[in-house]
Amino acid sequence: AEGLMVADKNFFGKGGDSDPMLQIIYKGVNIHSVPPINNTLNPLWGDKGLYVLHLDQDLSEPLKVKLIDHNTALSDTFIGMITLTPKDLAGQGGKMSIDLKSENGQKDATGRGRLTVLWSFESSDMPD
């Protein structure tokens, strides 16, 4: 991810950073969480962000990836999310950089940041 919005403002209300973590949601269920990386607006999860998702035959179900600012003492803060369908990904290359959207799926002027997603398919049952 890069250029994430500031969720943790410093003491004087200027500047700051976030402690971003990822949640992967499929069919409305959080199927995987990636631990936070503290104090950054440009996190790189590398292998920690790797997750193998076994999809059923319904390839129209959306896959959501939420970025959350992890807070130890307070509740976590939503940063942004992307929504993808496996059909969308099947026709693409193996890498995509997407602007994060608000919880209602809209891009807004707050500049939530971008998430880069890499993927591959290993099934021979993919649609043409």
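Since every read-out is calculated from the coordinates, none of them should be taken as a lab result. Note that the coordinates shown come from a computational prediction; the quantities given were computed from them, not determined experimentally. Neighbour counts run over all protein chains shown; Cβ positions are idealised from the backbone, glycine included.
Computing FRET efficiency as 1/(1 + (r/R0)^6) for Val6 and Ile31, where r is the C-beta to C-beta distance and R0 is 22 Å, gives about 0.20.
Distances between placed amide hydrogens fall under 5 Å for Phe78 paired with Asp69, all partners being 5 or more residues away or on another chain. Here the simple spin-label model places points 7 Å from the Cα toward Cβ, and for Trp119 and Glu103 these points are separated by 2.5 nm.
Each of the peptides 100-106, 67-73, 21-27 was scored by the mean count of other Cβ atoms within 10 Å over its residues; in descending order, highest first, they stand as 21-27, 67-73, 100-106.
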